[in-house]
């Protein structure tokens with residue numbers, strides 16, 4: 001079992017179920033960070049500059065904004081965690097699972113904060 005604690009790549013995300021393969025986002029992207037894979041838009045986060053032009057041009061709102069991504073990830077994490085928590089046989093083991101997961105998330109939070117701090121030094 002692996003739960004994504006945080007998405008490190010907080011760039012636009014394509015909801016592949018909503019994508020209708022119109023390619024408007026591909027044409028609008030100023031840095032060619034969007035390509036089509038299996039008939040659906042895919043954003044290369046290493047190239048994406050997070051300008052938001054793809055979000056504005058998408059006719060079906062298949063490209064999610066940062067705020068929407070956070071909401072989606074939190075809901076997904078909680079749903080998955082509750083499912084695993086339900087498998088636990090006792091209140092004591094559930095509490096241990098919660099405590100352990102919170103510890104893991106605090107470590108991940110520290111990693112992200114320290115990474116952000118170091119990245120500030122890279123700015124020109």
Exercise. Report the label-to-label distance for residue 76 and residue 45 in nanometres (one decimal), using points 7 Å from each Cα along the Cα→Cβ vector.
Key: 1.0
Self-check item: Relative contact order computed over the chain (Cα-Cα under 8 Å; 6+ residues apart), in percent
Solution: 27
Quiz item: If you compute Cα extents along the principal axes in Å for the structure shown, which of (i) 41, 36, 32; (ii) 55, 39, 21; (iii) 54, 27, 18 do you land on?
Solution: (ii)
Exercise. Please give the length that would be gained between residue 95 and residue 66 if that part of the chain were fully extended, namely 0.36 nm times their separation in residues minus their C-alpha to C-alpha distance (nm, one decimal).
Key: 7.3 nm
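Every read-out reported here was derived from the displayed coordinates using simple, explicitly stated rules and does not represent laboratory data. Quantities reported herein were computed from a predicted structural model and do not represent experimental measurements. No Cβ is skipped: glycine too gets one built from the backbone with ideal geometry, and neighbour counts run over all protein chains shown.
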